[in-house]
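These notes are about the structure you will find just below.
The values are calculated or read from the model by the stated rules, or taken from the named source; none is laboratory data. Keep in mind the model is a prediction, meaning the values are calculated, not measured. Glycine also receives a Cβ, built like all others from the backbone with ideal geometry; neighbour counts cover every protein chain displayed. We work out accessible area using only protein heavy atoms, side chains counted, and drop any ligands, DNA or RNA first. Shrake-Rupley method; radii C 1.70, N 1.55, O 1.52, S 1.80 Å.
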Amino acid sequence: MIQPNDYLIKLMEELQLPGEARSVLMDAGGKLMEQHCAEMQHLCDKFMEDPAKNAESVFKQLDQAAEVCGIHTYTASFVFLCWNAQEMQKRYHDKGISEEIFHDTIMDLNYKLTECHQVYNIWGTFVRNWFSGFFALTRFALGRLQYEFSSFQAESYTAAGVTIHKGDRVLTMHIPSSGPLTQKAREDSYRRAYEFYKNDFAGNPVIFTCSSWLLYPPHEQMFPMSSNIVSFMHDFDIIYSEETSDFDNAWRIYGADGNKPADQLPRNTSIQRAYADWLQNGNKAGWGYGVFLFDGRRFVRRSDSSEHL
């Protein structure tokens, strides 16, 4: 077993973290282990016993240790997650899950580190509880997208002779901030997900769902039909959607400037300009819930005929 901070060095290299971030994280890891070594080892063991159940109490104790060391909680949380990635990688190996899937999955640390620095100018993560699903081996990155099981949220849906009812087990996807959401990358990910999960659906089509701000129907008014966002929306039947009083996802587009009034939002990219114009004209942001089926060959929505991927 590699020592925690030795593994931290190794993982930061694999994650291709910026040099400045590595220096900050190594300094934090050194202080935590120097002043609280036994406690950190205990917290790692407790966290990995049941990441979802134990995360809250573990992170509370971690925050106390970080405060003593003068380390920001976002930074300490990131270091702690990196330490535990060693055990996570071992469990992937024990279950016969490929190193490629582990690498794609653990890269979410890179994406969240970048987001934290963009929004708060701190090297770390402000969404540490999000990672429990990865460490519990219930959420996996398969190419461009991430997947886990969930319950169907609409009353019912029928396509290609398959009917889904509220509460039925479905596969839900998440979209990390890891670059363009191109059709090629999405379809590659859908195929990977089908192969990974097909036995869980007993030979029936895999039911893909997504609940996201990216599935907000007015995007068709905001962006050209050729945009990746509109193309992604068209992968789904969007069953329901709603606008929201607050644009909680503005930080995903504008970083630290997400809380500014619409007329002060940056306009450096096409998506920034589109949303700034939309909001400045008195419109609201929102989200949508979508679904489609895939049987390994056919890509099926209720709204149109079957398509071949």
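The long axis of helix 108-120 is offset from the longest Cα principal axis of the chain by roughly 80 degrees. For the range 226-309, applying the loop criterion from DSSP together with a ceiling of 12 other beta carbons within 10 Å to the chymotrypsin sites (Phe, Trp or Tyr not before Pro) yields no site. Checking the a/c ratio against 1.5 first, then a/b against b/c, what shape does the Cα gyration tensor give for the range 120-228? Since a/c reaches 1.5 but b/c is at least a/b, the shape of the range 120-228 is classed as oblate.
Rounded, prolate or oblate: which one fits the range 1-111, using the alpha carbon gyration tensor with axes a ≥ b ≥ c (rounded when a/c is under 1.5, else prolate when a/b beats b/c, else oblate)? Could the numbers behind the result be given before it?
Values: a/c = 1.84, a/b = 1.25, b/c = 1.47.
Taking the square roots of the gyration eigenvalues as a ≥ b ≥ c, the range 1-111 is oblate.
Just to confirm, what accessible area per residue do you get for the range 86-169 at 1.4 Å probe, in whole Å²? Walk me through the intermediate numbers first.
Working: 3670 Å² over 84 residues.
Ligands and nucleic acids excluded, the result is 44 Å² per residue.
The dipole here belongs to the chain: it is taken about the Cα centre, uses +1 on the Cβ of Lys and Arg and -1 on the Cβ of Asp and Glu, and is about 480 debye.
Remark: accessible surface ordering of 227, 178 (largest first) is 178, 227, probe radius 1.4 Å. Helix 270-280 and the long axis of the chain differ in direction by around 80°, with both axes built from C-alpha atoms. Only protein atoms count toward the accessible area here, which uses a 1.4 Å probe; on the range 162-271, the carbon and sulfur part of that area reaches 44 percent.
In a DSSP loop and with at most 15 other Cβ atoms within 10 Å, the trypsin sites (Lys or Arg not before Pro) in the range 1-100 are 95. Once the Cα atoms are used to define both axes, helix 51-69 deviates from the longest principal axis of the chain by about 40 degrees. The phi torsions of the range 15-23, fed into the Karplus equation with coefficients 6.51, -1.76 and 1.60 and a -60° offset, translate into couplings of 7, 6, 6, x, x, 4, 5, 4, 4 Hz, rounded to whole numbers, with Gly and Pro shown as x. Projecting the Cα atoms of 225, 261, 92 onto the dipole axis of the chain, where Lys and Arg carry +1 and Asp and Glu carry -1 at the beta carbon, places 225 farthest toward the positive end. Report in % the part of the accessible area of the range 1-118 that belongs to carbon and sulfur, leaving out ligands and nucleic acids; probe 1.4 Å. C and S fraction of accessible area: 49 percent.
Approximating the spin labels as points 7 Å out from Cα along Cα→Cβ, the residue 153-to-residue 52 distance works out to 1.7 nm. Rounded to 0.05, the FRET efficiency of the residue 93 and residue 256 pair, given R0 = 30 Å and the Cβ-Cβ distance, is 0.15. Entry comment: accessible area of the range 179-301 is 49 Å² per residue, from protein heavy atoms only and a probe of 1.4 Å.
Residue separation times 0.36 nm, minus the C-alpha to C-alpha distance between residue 267 and residue 20: what's the value?
Numbers: separation 247, 0.36 × 247 = 88.92 nm, distance 2.76 nm.
Length gained, residue 267 through residue 20: 86.2 nm.
Among beta bridges from DSSP that stay inside the chain, the antiparallel ones total about 95%. When a/c is below 1.5 the answer is rounded, else prolate if a/b is larger than b/c, else oblate, so apply that to the range 72-146 with a ≥ b ≥ c taken from the square roots of the Cα gyration tensor eigenvalues. Cα axes put the range 72-146 in the prolate bin.
Could you calculate the contour length gain from residue 225 to residue 35, that is, 0.36 nm times the residue separation minus the distance between their Cα atoms, to one decimal place in nm?
Numbers: separation 190, 0.36 × 190 = 68.40 nm, distance 5.58 nm.
Going from the current span to full extension adds 62.8 nm.
Here the contact order of the chain, divided by its residue count and restricted to Cα pairs under 8 Å and six or more residues apart, works out to 14 percent. In this structure the range 1-78 gives 52 Å² per residue of accessible area when probed at 1.4 Å with all protein chains present.
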